Amino acid sequence: DLVFLDIQMPGLDGFGVLDALQEPPPIIFVTAYDKYALRAFEVSALDYLLKPYSQDRLEAAVRRERAATRSKKALAQRSGSLFESLVEQGRYLTRLAVQDREKIRLLDVNEIDWISIEQGVLMTHVGEASYATRSTLDHLEARLDPAYFFRAHRSVIVNLDRIQEIIPWFKGSYKLRLSTGIEVDLSRARARELRERFPW
C-alpha cells in the first residue's frame, strides 16, 4: 500500500527501483540528502523525509498518504457513478414512436400520461389523445426510466409525475387518480412497491 524508499542504495538507486515498477505504489523517499528533493517530486513522490526525522514528521507523511488515497478513491467513485449514470441514461427512451392516423408521431416520453393495453393493443395516452404503439408493455417498461414511470398493474404503466391521488379500493388494492382525471388500477403487489417511493 505504501513504500518508504531510500535513494542511495547498492545496485539500483531509489529512482531506478521506481522506474522498474510497472505500477508503482505510493512512494515516500527517505534519505540523508536534500539534493534529490526536486527529482523526487518530479516522479510524484508523496513526501520526502530527510534523515534523521522525528516521529511527528513520520506521522505527518503517513497522514498525507492516507489523505491522498482517500481523494483518489473518492474521485474513482465519482467517476464510476458518472459513467454508470451516463450508461443508464443511454438505456432509456427519450422519445417514443406512436401511430397517429396515417403518420408516425414521435412523442417526448415526458409528455406521456399513462400507457395501457386495450383489446390487445398497446395504447399511449397524452392528454385527451390516445395513440397505438407497436410494442409490448414488458418491453416498454424496460425501456422507460423507472425514476419516472411505474408499472401500476399488469396492463398499465403510469407517469409518476401525473399521480395526484392514491385511493383505497378493494382488498388492499387502490386506484390512482391522474392529473388528467383518469383513474387507473393499482394492484396490491404494486402498491407495496409504490409505498416505498411515496410512504403512506
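The values are calculated or read from the model by the stated rules, or taken from the named source; none is laboratory data. Here the structure is a predicted model, which is why all the values come from computation and not from measurement. Methodologically, a virtual Cβ is constructed for each residue, glycine included, from the backbone with ideal geometry; neighbour enumeration extends over all protein chains shown.
Of all the residues in the range 139-190, those that are under 19 Å from Val109 (Cβ atoms) and acidic (Asp, Glu) number 3.
Could you identify the single residue in Arg66, Arg101, Arg57 that is at pLDDT 80 or above, among the basic types (Lys, Arg) and in contact with a strand residue (DSSP E or B) (Cβ under 9 Å, 6 or more places away or on another chain)? When all the criteria are applied, what remains is Arg57. Among the residues making up the range 91-124, those that are farther than 15 Å from Tyr148 by Cβ, in the same structural domain as Phe149 (by TED's automatic domain parsing) and not hydroxyl-bearing (Ser, Thr, Tyr) are Ile117, Glu118, Gln119, Gly120, Val121, Leu122, Met123. Looking across the range 143-200, the residues that are hydroxyl-bearing (Ser, Thr, Tyr) and farther than 23 Å from Gln119 by Cβ come down to Tyr148, Tyr174, Ser179.
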